Amino acid sequence: MSDKGASDTPEDLGEPKGEATGAIGPVGNQGDIAEYLEELEDIPGTRVYTAARARKGYWLNQFAMSLMKEENRTRWRADEKAYLDEWQLSDAVKQALLDRDYNRLLDLGGNIYFLAKVFSTDGLSFLQAVSTMTGMSVVEYKAMMDAGGRSPEGVRSIKGGY
Amino acid sequence: MARITAGVGSSHIPLLGVAVDQGKTTDDYFTPIFSGYEWTKEWIKGEKPDVIILVYNDHASAFDANIIPTFAIGTGERYKPADEGWGPREVPDVIGEPDLGWHIAQSLILDEFDMTIINEMDVDHGLTVPLSMMFGQPEAWPVKVIPLAVNVVTYPVPTGNRCWLLGEAIRRAVESYPEDLNVQIWGTGGMSHQLQGPRAGLINADWDNTFMDGLVGTSDKNRTIPHIEYLRETGSEGIEMVMWLIMRGALGAETRLLHRHYHVPCSNTAVGHIVLEPVT
Ligand SMILES: [Fe+2]
């Protein structure tokens with residue numbers, strides 16, 4: 001083995017083959033999964049789609065996927081409750097879907113790309129649907145985007161407060 | 001022998017596809033976005049690439065919550081545009097390059113990248129929007145495409161370093177293919193954006209531009225950016241930018257900048273676009 005520098009540890013991500021230069025050690029703290037997962041929960045107003053959320057929201061997301069087919073969208077539009085009853089979903093998930101409460105759906109393990117099938121079926125754009133999670137009206141939210149978007153200042157870390 | 005002659009980075013925001021499909025690209029809202037692609041549209045007519053290795057992510061279209069491939073390569077003959085909830089985009093089918101696709105898949109696996117191989121799938125806005133940005137509205141796409149899908153949705157997604165190394169391995173695979181083919185690699189997605197939760201709408205132009213700076217020349221500092229930095233600084237969906245590192249890794253030790261464009265906003269997202277060539 002050639003010299004890898006100081007990073008010859010179990011979590012070493014490996015020496016680049018090919019022409020790239022420079023020793024590559026553990027990337028950030030991604031070698032420590034507990035610390036890695038803890039940090040993902042430290043972002044204000046954000047639910048990172050972790051394995052835990054993916055497990056919790058599995059059938060919610062699979063339900064949303066079903067709306068990629070026109071025949072399912074037709075049945076969903078005709079009777080939302082009846083369509084939901086065909087799925088293994090908790091009452092909380094069903095209610096949040098009927099309410100189009102997207103923040104709640106994120107808490108229940110929904111992922112935005114899956115939930116997009118629901119709001120697309122409603123004829124909503126990403127911007128319109130996303131604005132509903134921010135506490136702003138669509139008009140206010142669009143004005144914020146047109147003015148350059150939300151600054152990361154102060155919303156990077158809950159613990160750090162920066 | 002086949003060669004990677006250029007790398008292209010581009011956002012793949014769904015609204016860009018809507019603008020093309022509905023003929024709105026010269027509206028006041030879209031003009032500052034699309035004008036930054038004019039240079040590339042002219043350039044690519046002269047370059048005439050045979051094949052694009054198109055690095056993108058599937059947004060819960062071909063892959064549902066059941067099977068989550070970290071890296072998947074398309075070896076199919078053709079791919080249809082996906083129905084993402086509002087009907088499929090009316091764009092041409094994407095024509096594959098199974099011979100080169102299988103060559104790359106085999107090479108990567110022997111090079112210790114354990115790829116998932118996909119023969120049949122529909123392709124969503126992640127793949128078709130960049131084609132529209134570069135080629136407009138042709139009867140048929142003027143290139144063959146090898147889709148390379150990356151999981152950037154379910155955590156953990158691959159590290160930036162792993163993406164860069166995959167890019168290097170793709171370059172070795174392409175260069176070991178005997179046929180003379182002009183191959184480009186595109187990295188798509190980003191730039192800063194967050195589509196969920198009360199923090200939605202986050203944009204970080206300074207960070208995005210520093211990231212683009214880091215793709216040019218001999219720098220490889222982007223490869224060590226941890227996931228948490230993308231999340232904190234660029235929003236929960238800004239992580240898509242790791243896909244640009246596959247493109248960058250495939251260009252070798254040094255790149256030359258040919259074109260660069262940045263605009264805020266398009267929908268919820270910062271638009272970034274860069275054209276690079278390898279310095280060999
Ligand atoms: Fe995307």
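The values are calculated or read from the model by the stated rules, or taken from the named source; none is laboratory data. Here the structure is a predicted model, which is why all the values come from computation and not from measurement. No Cβ is skipped: glycine too gets one built from the backbone with ideal geometry, and neighbour counts run over all protein chains shown. For accessibility, only protein heavy atoms count, side chains too; no ligands or nucleic acids. Shrake-Rupley method; radii C 1.70, N 1.55, O 1.52, S 1.80 Å.
Pairing each residue of region B:187-208 that is charged (D, E, K, R) with any residue that is at pLDDT 95 or above and within 16 Å of the ligand (Cβ to nearest atom), provided the two are 6+ apart or on different chains, yields C-beta distances under 6 Å for B:208/B:191; B:208/B:192; B:208/B:270; B:208/B:272.
Out of all the residues in region B:70-85, is one or more free of Cβ contacts under 8 Å to residues at least 24 places away in the same chain, of a type in the set (Asp, Glu) and more than 14 Å from every other protein chain (Cβ to nearest Cβ)? Yes, the conditions are met somewhere in region B:70-85. Inspection of region B:175-192 identifies at least one residue that is more than 30 Å from residue B:102 (Cα to Cα) and either touching a strand residue (DSSP E or B) at 6+ places or on another chain (Cβ under 7 Å) or away from the ligand (no atom under 16 Å from the Cβ) (or both). Can you find a residue that is of a type in the set (Gly, Ala, Ser), surrounded by fewer than 20 Cβ atoms within 10 Å (Cβ to Cβ) and not in a strand (DSSP E or B) anywhere in region B:156-176? Yes: one or more hits. Residue-level check: of (1) within 15 Å of the ligand (Cβ to nearest atom); (2) within 10 Å of chain A (Cβ to nearest Cβ), residue B:205 misses just (1).
For the residues B:92, B:81, B:32, B:49, the requirement of being within 16 Å of the ligand (Cβ to nearest atom), within 16 Å of residue B:133 (Cα to Cα) and not small (Gly, Ala, Ser) singles out B:81. In the set (1) among the aromatic types (Phe, Trp, Tyr); (2) closer than 29 Å to residue B:259 by Cβ; (3) touching a residue at least 40 places away in the same chain (Cβ under 8 Å), the condition left unmet by residue B:29 is number (3). Scanning region A:62-106 for residues that are open to solvent by 30 Å² or more (accessible area, probe 1.4 Å), touching a Leu at 6+ places or on another chain (Cβ under 8 Å), small (Gly, Ala, Ser) and in a helix (DSSP H, G or I) returns a single hit, A:92. Can you work out which of the residues in region A:31-61 that are over 24 Å from residue B:200 (Cα atoms) and without any contact (Cβ under 8 Å) to a residue 24 or more places away in the chain is surrounded by the fewest Cβ atoms within 10 Å (Cβ to Cβ)? Per the criteria, the residue is A:34.
Filtering region B:94-118 to residues that are assigned to a loop (DSSP other than H, G, I, E, B) and exposed (fewer than 15 other Cβ atoms within 10 Å of the Cβ) leaves B:112, B:114. Every condition in (1) more than 16 Å from the ligand (Cβ to nearest atom); (2) touching a residue at least 60 places away in the same chain (Cβ under 8 Å); (3) away from chain A (no Cβ under 12 Å) is met by residue B:172 except one, and the failing one is (3). For region B:177-212, enumerate the residues that are over 30 Å from residue A:112 (Cα atoms) and either of a type in the set (D, E, K, R) or touching a helix residue (DSSP H, G or I) at 6+ places or on another chain (Cβ under 6 Å) (or both). B:177, B:179, B:180, B:183, listed by residue number.
Of everything listed in (1) in contact with a helix residue (DSSP H, G or I) (Cβ under 7 Å, 6 or more places away or on another chain); (2) more than 16 Å from the ligand (Cβ to nearest atom); (3) on the phi > 0 side of the Ramachandran plot, the single unmet condition for residue B:64 is (3). Residue check: residue B:74 meets all listed conditions (1) under 25 Å from residue A:72 (Cβ atoms); (2) among the small types (Gly, Ala, Ser); (3) more than 16 Å from the ligand (Cβ to nearest atom); (4) out of contact with any Phe, Trp or Tyr (no Cβ under 7 Å at 6 or more places or on another chain) but one, namely (1). Provide a single number: the residues in region A:107-157 that are over 26 Å from residue A:93 (Cβ atoms), aliphatic (A, V, I, L, M) and assigned to a loop (DSSP other than H, G, I, E, B). So the answer is 2. Please indicate, with yes or no, whether at least one residue in region B:247-270 is within 16 Å of the ligand (Cβ to nearest atom), in contact with a His (Cβ under 6 Å, 6 or more places away or on another chain), under 25 Å from residue B:147 (Cβ atoms) and at pLDDT 95 or above. Yes, region B:247-270 contains at least one residue that is within 16 Å of the ligand (Cβ to nearest atom), in contact with a His (Cβ under 6 Å, 6 or more places away or on another chain), under 25 Å from residue B:147 (Cβ atoms) and at pLDDT 95 or above. When region B:86-129 is filtered for residues that are within 12 Å of another protein chain (Cβ to nearest Cβ) and closer than 16 Å to residue B:61 by Cα, the ones remaining, listed by number, are B:86, B:87, B:88, B:122, B:124, B:125, B:126.
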